[in-house]
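> Supplied in structure tokens, the structure appears directly below.
The values are calculated or read from the model by the stated rules, or taken from the named source; none is laboratory data. All of these numbers come straight from a predicted model, not from anything done at the bench. Because the Cβ atoms are built from the backbone with ideal geometry, glycine has one as well, and the counts that use them run over all protein chains shown.
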Amino acid sequence: MGYYPYWVSLTFPPEKIDFTKYDWVDFAFVTLNQTYQLSFEDSTCPDLLRRTVAAAHAKGKYVKASIGGWGGSQYFSSAVSTDSNRRVFVQEVIRMIQMYGLDGVDFDWEYPGHEGLAGNQVNPADSSNYLLFLQLLRANLPRQMKITAATSQTPFTDNNGQPMRDVSAFALVLDWIMIMNYDVWQSSSTPGANAPLFDGCHNSTQPEASAASAVKQWGQAGFPLKKQVLGVPYYGYLSNSNATRLRTRASSPTALLVADGGAAQGSISFRNLVNQGALVASSTSDGRRRAFTASSGFSRYWDQCSATPFLRSQASRQLVSYDDPESLRMKGQFAKKMGLLGTNTWEMSGDTAQNDLVVALMDGLFNS
């Protein structure tokens, strides 16, 4: 599974998606306005969504539209707060599914019961209202239409702002959840891992923020492992830092890396780490996938505490926390071992042209 954001379409059109490696595509994003109508952020999106659906269906694969996102969660709270609002929202979702020939819908509400981005509406009853909305939607959609949700690493919050101890009612109406196990630590002078697999050193100040902990918490709260999907990143974070290791609480020519969007710090895709020369590919001994070694004045290190790599250049005073084929293969192995439904990626265009990252994920999921 993978997210396909509309803004990558100029360099990565939907016709380039390798559907031998993705069964489901989440088209990102559809936005919800203050009258609970659905629309797009860009005028090209309607045609782009139709092209994505056509490309997927031609290969026997599936597409959901993802509603919300970090910048699109402002009105979720009021949209689910009353019966009349919920009914308007449900009809909008049905209209969108029918108009574009979708196979389901994904909700990326960041986050029920928490403000998330400043200015988002929030209500202590968000999670209980969300459940009522999902139940109403499920009752009005054909059973084959999938309803999924992107979630944080901890279960939905209760009326007191604490993780719910029982989310089993959500599991009755959601086909699966995708746990967003990334953005744990972002750009910082004391950077940490973007997407920890586990808290291997048992000293994290965010012990709940890892794949292992997230899956355990959702499972203990009543969401079956077989309906959990592990979200993994095709990007990392570039930091200006003198750090020599990742925080767990926390003489060759040197390249100065530039984050996605041209900033000195921020997120950077795996593809751009390769394109800018910080990583170079080499074949592995088994021939199934490629490994990547550091170049251009960077050195690669392995963080045992999180099971993720990082790059460091003392000359440019830069550190990059990221995932590569080795760490993603381990995440695929973890998903298989735990009996999860699979993995989902943010986002597809961050992979190399040779699909090194998804190949590694599949290797972990199916060949280990």
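> Kindly establish whether R95 is surrounded by 18 or more Cβ atoms within 10 Å (Cβ to Cβ), over 23 Å from the mean Cα position of the chain (by Cα) and over 19 Å from M180 (Cα atoms). Outline the logic, then answer.
Numbers: surrounded by 18 or more Cβ atoms within 10 Å (Cβ to Cβ): no; over 23 Å from the mean Cα position of the chain (by Cα): yes; over 19 Å from M180 (Cα atoms): yes.
In short, no.
> Right, something else. Tell me, which residue of the range 16-73 that is of a type in the set (D, E) and more than 17 Å from I147 (Cα to Cα) is modelled with the lowest pLDDT?
E41
> Same structure, new question: Can you tell me which residue in the range 248-279 is modelled with the lowest pLDDT, limited to those that are surrounded by 18 or more Cβ atoms within 10 Å (Cβ to Cβ) and under 30 Å from G339 (Cα atoms)?
The extreme case among them is A250.
> Next question, about the same structure. Considering only strands (runs of 3 or more DSSP E) fully contained in the range 308-368, which possess at least 2 residues that are within 16 Å of the chain's Cα centre (by Cα)?
Once the strands (runs of 3 or more DSSP E) in the range 308-368 are filtered for at least 2 residues that are within 16 Å of the chain's Cα centre (by Cα), what remains is 342-346.
> Is one or more of the residues making up the range 145-153 closer than 30 Å to L319 by Cβ, outside the structural domain of C305 (by TED's automatic domain parsing), in contact with a strand residue (DSSP E or B) (Cβ under 7 Å, 6 or more places away or on another chain) and not small (G, A, S)?
yes
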